[in-house]
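This report concerns only the one structure given below.
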Amino acid sequence: MPPVPPGKSLRRRTALAAVAAVGAQMATSKSRASAATGANAEDERFMTQAIEEARKADFPFGCVITANGAVIARGGNIGRQHHDPTAHGEMTAIRNCVSADKTSELKGATLYTTGEPCPMCMGAIVWSGISRVVYAVSIDELATHMNQIMVSSEQIARASFHPVEIVGGVGLQEARPLFARFKKQTAPG
Ligand SMILES: [Zn+2]
């Protein structure tokens with residue numbers, strides 16, 4: 001094969017990089033689609049309870065944590081009333097669980113939340129030993145309504161030491177209207 005002029009070689013590398021990027025994008029959508037099929041019969045029922053928590057919250061992020069088929073903790077975003085930007089629904093539910101002396105039950109628990117956990121909450125989920133996360137609205141969709149840190153819960157889980165099964169899109173039709181009144185603005189997740 002004759003030597004390829006540098007310009008050509010560069011173009012070829014660029015083309016290959018573009019193909020790789022499309023492939024990676026396809027792999028991401030595929031993994032998200034298959035994640036949605038991981039829902040079980042209880043998921044819709046518990047998500048309805050998370051949505052009830054969201055209706056009472058400062059921002060429409062509600063959460064329930066379950067273990068052995070029962071709710072062990074609840075929480076909603078209380079960031080505004082407590083002047084606490086870290087008081088996201090998931091953080092509040094985890095703190096409620098810990099303060100109820102149910103810390104050990106977090107290991108292997110399932111967390112239901114109306115919005116995909118942000119990197120802060122997903123970090124707390126990993127550190128808590130929670131095994132499964134079920135969310136309704138994705139970070140990508142939340143970002144059309146309010147500020148978000150654009151790192152997915154799957155990315156955090158993949159980079160961590162603790163395996164977390166993530167199922168998205170459960171209760172989406174019921175949860176989506178909660179966010180409809182938000183225009184793009186500063187709001188915690
Ligand atoms: Zn969060």
Which listed residue, of Thr113, Thr86, is farther than 24 Å from Gly169 by Cβ, among the hydroxyl-bearing types (Ser, Thr, Tyr) and at pLDDT 95 or above:
Thr86
Filter region 126-156 down to residues that are hydrophobic (A, V, I, L, M, F, W, C) and touching a strand residue (DSSP E or B) at 6+ places or on another chain (Cβ under 6 Å) and give me whichever is surrounded by the fewest Cβ atoms within 10 Å (Cβ to Cβ).
Leu142
Could you list, in sequence order, all residues of region 167-189 that are part of a loop (DSSP other than H, G, I, E, B) and out of contact with any helix residue (DSSP H, G or I) (no Cβ under 8 Å at 6 or more places or on another chain)?
Ala180, Arg181, Phe182, Lys183, Lys184, Gln185, Thr186, Ala187, Pro188
Hey, any hits in region 115-128 for a residue that's without any contact (Cβ under 8 Å) to a residue 40 or more places away in the chain and touching a Phe, Trp or Tyr at 6+ places or on another chain (Cβ under 8 Å)?
yes
Given (1) out of contact with any strand residue (DSSP E or B) (no Cβ under 8 Å at 6 or more places or on another chain); (2) within 18 Å of Ala136 (Cβ to Cβ); (3) of a type outside the set (A, V, I, L, M); (4) away from the ligand (no atom under 12 Å from the Cβ), Tyr112 misses just (1)
Quick one: Ile78 ticks every box in (1) surrounded by 24 or more Cβ atoms within 10 Å (Cβ to Cβ); (2) within 14 Å of the ligand (Cβ to nearest atom); (3) within 22 Å of Pro177 (Cβ to Cβ) bar one, so which box is it?
(1)
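The values are calculated or read from the model by the stated rules, or taken from the named source; none is laboratory data. Not measured: the values here are computed from a predicted model. FYI the Cβ positions are ideal-geometry reconstructions off the backbone, even for glycines, and counts take in every protein chain you see.
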